[in-house]
Amino acid sequence: MHLLQPQTEVNVSSLVSTLSTLDSDSSLQQVQRLPWANVSPEAEQVDWLILHFNHWFSHLNVTLVRGDFEPEYFPATEDTPARIQFAHGFFNSALHEISHWTIAGDKRRLLPDLGYWYAPDGRTQEQQALFEQVEVKPQAIEWMFAKAFGRKFCVSLDNLTGEGGNGSSFKDNVYAQVQRYFSGEAKLPRDAKRFIDCICACTRNGKSLQSDEFIREMLD
């Protein structure tokens, strides 16, 4: 899924605060009984992510769910919350789909697949250029999510059977976008900020992400 139109974002003064400023209810202690540092197999990490995301964003009537096939977003109905379905139970796929959801505005969250346009693998050079243009922000935010979790991030050009595009230029743009978020030149989406806040409270004792943790060479 790939975003065609820019979304409204919310200005932030700080990337990270402690979880106590976000959730003071006692139920959070039950959700966090298993510390992130003690979760090692990917399947258990995915379970941890689903449990915590669904707690942190329950006020927005949305759930994160495993999918057996390709990722997809299902808007809320009268009877069910919205669902962010990620691919094949992969942790990185979950982070990527969450990044798209955080960028989508409230109106797009009412649309199937967030109103995204998708051209399958085998895109032309022109289609790939559009893909790279609209994927910079989601992948920059995904990198920030991954860093908060202490996981390696790899950019995705996602066009194995078509025109591969300029991988080096795309990496440059993703790195530059991250730095724009830290400098305040770009505005981090509200829910991306909340997600980073919550992750860091659980994985870094509330320590904020710093711009110098993001180095261009990490993307190579």
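Residues of the range 87-98 include none that is out of contact with any helix residue (DSSP H, G or I) (no Cβ under 7 Å at 6 or more places or on another chain), at pLDDT below 95 and closer than 30 Å to S211 by Cα. Condition check for L95 on (1) farther than 19 Å from E142 by Cβ; (2) part of a helix (DSSP H, G or I): one failure, at (1). If you go through the range 59-92 and keep only what is closer than 25 Å to G150 by Cβ, open to solvent by 20 Å² or more (accessible area, probe 1.4 Å) and part of a helix (DSSP H, G or I), you end up with just N92.
The values are calculated or read from the model by the stated rules, or taken from the named source; none is laboratory data. Treat the numbers as computed from the prediction; the structure is a model and nothing was measured. Here Cβ is always computed from backbone atoms with ideal geometry, including for glycine, and neighbour counts include all displayed protein chains. All accessible areas refer to the heavy atoms of the entire protein, side chains included, with ligands and DNA or RNA removed. Shrake-Rupley method; radii C 1.70, N 1.55, O 1.52, S 1.80 Å.
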